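> Quick one: this structure, given as structure tokens, is what I'll be asking you about.
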Amino acid sequence: MPILIDENDVVEVAQKIETLKKSQQQQIPPGYVPIEMSTKGKLGVPEVLYARNFSTEDVVNLSMATDILLPERLIATLRSLLLDKTVRVEDWPDKSVIELLVKIYANFFTPMLTSIAFPWNEEDIDWLENHDQKDKIEALREGKWNPIVDIDLRKINIKDIDPDVRDYIIIKRKKGVPLEAKFSTYPRIGDTLIIKKL
């Protein structure tokens, strides 16, 4: 049996959605930008975050950190940049932390990284050989030619997460003593830091 929908109901729902969107936009303080994450709300990462730029204090704090303390300070700094203070960056996979850093950089600094030294390897040498550019191979190996590249951060191909990926797996034992254990399906950056400390 088909479900009949009244036109007035559709209009009313559309108006409610528009009102909700406007109220959410009004609650976002100036200086915060929306950042869509590729995990689409999975793996402990919200689908959309609102982040501000690094302050001078944030940058100084990070620059003074030793290599050992830098990951912890970075997590604390990222948490302070996010509007939603309940978001736990330490529960994210490390790739999501990198994605957030790249997107903050692209939004507040520049979407183009220019004159980056190209990290060539033997694959590139093979490509040059196949294209009859032996003079460039010699120059590359002797250090006379240092190729550089520009990277457009807006064009980095970030793959969306598979919708079938689950945040947790639950193992249950029904025979004997009932047992239920819940495990994260991905390594969290905070757990990695704890293991390194130990």
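The values are calculated or read from the model by the stated rules, or taken from the named source; none is laboratory data. Predicted, not measured: the structure shown is a model, and the values here were computed from it. When we count neighbours, we look across all protein chains shown, and the Cβ atoms used for this are built from the backbone with ideal geometry, even at glycine. What goes into the accessible areas is simple: the full protein's heavy atoms, side chains included, and nothing from ligands, DNA or RNA. Shrake-Rupley method; radii C 1.70, N 1.55, O 1.52, S 1.80 Å.
> Starting from residues that are out of contact with any strand residue (DSSP E or B) (no Cβ under 9 Å at 6 or more places or on another chain), buried (at least 18 other Cβ atoms within 10 Å of the Cβ) and not aliphatic (A, V, I, L, M), keep the ones in the stretch 27-45 and report whichever is nearest to Arg166 (Cα to Cα).
Filtering the stretch 27-45 for residues out of contact with any strand residue (DSSP E or B) (no Cβ under 9 Å at 6 or more places or on another chain) gives 27, 30-31, 38-40, 42, 45.
Filter once more, so that each one left must be buried (at least 18 other Cβ atoms within 10 Å of the Cβ): 39, 42, 45.
From what is left, the residues that are not aliphatic (A, V, I, L, M) are 39, 42.
Values: Thr39: 11, Lys42: 8 Å.
Here the residue is Lys42.
> To continue, here is another question. Only residues that are modelled with pLDDT of 90 or more and either exposed (fewer than 15 other Cβ atoms within 10 Å of the Cβ) or small (Gly, Ala, Ser) (or both): list them for the stretch 68-84, please.
The answer is Ala76, Ser80, Asp84.
Residues are listed down the side, and each one gets a yes or a no for (1) at pLDDT below 90; (2) under 30 Å from Thr185 (Cα atoms); (3) part of a helix (DSSP H, G or I):
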{"residue": "Val11", "(1), (2), (3)": "yes, no, yes"}
{"residue": "Gln15", "(1), (2), (3)": "yes, no, yes"}
{"residue": "Lys22", "(1), (2), (3)": "yes, no, yes"}
{"residue": "Pro34", "(1), (2), (3)": "no, yes, no"}
{"residue": "Lys40", "(1), (2), (3)": "yes, yes, no"}
{"residue": "Leu49", "(1), (2), (3)": "no, yes, no"}
{"residue": "Glu57", "(1), (2), (3)": "no, no, yes"}
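> For the stretch 174-190, what are the residues that are open to solvent by less than 90 Å² (accessible area, probe 1.4 Å), of a type outside the set (Phe, Trp, Tyr) and either out of contact with any helix residue (DSSP H, G or I) (no Cβ under 9 Å at 6 or more places or on another chain) or in contact (Cβ under 8 Å) with a residue 40 or more places away in the chain (or both)? First the steps, then the outcome.
Just the residues of the stretch 174-190 that are open to solvent by less than 90 Å² (accessible area, probe 1.4 Å), to begin with: 176, 181, 184-186, 188-190.
Now drop any that are not of a type outside the set (Phe, Trp, Tyr), which leaves 176, 181, 184-185, 188-190.
Listed by number, the residues that qualify are Gly176, Ala181, Thr185, Arg188, Ile189, Gly190.
> Follow-up. Considering (1) out of contact with any Lys or Arg (no Cβ under 8 Å at 6 or more places or on another chain); (2) at pLDDT below 90; (3) not in a helix (DSSP H, G or I), say which one Gly44 fails and leave the rest.
Every condition holds for Gly44 apart from (1).
> Looking only at the stretch 119-157, which residues are open to solvent by less than 100 Å² (accessible area, probe 1.4 Å), within 30 Å of Ala106 (Cα to Cα) and out of contact with any Ser or Thr (no Cβ under 6 Å at 6 or more places or on another chain)?
Once the filter is applied, which keeps residues that are open to solvent by less than 100 Å² (accessible area, probe 1.4 Å), within 30 Å of Ala106 (Cα to Cα) and out of contact with any Ser or Thr (no Cβ under 6 Å at 6 or more places or on another chain), the stretch 119-157 yields Trp120, Asn121, Asp124, Trp145, Pro147, Val149, Ile151, Asp152, Leu153, Ile156.
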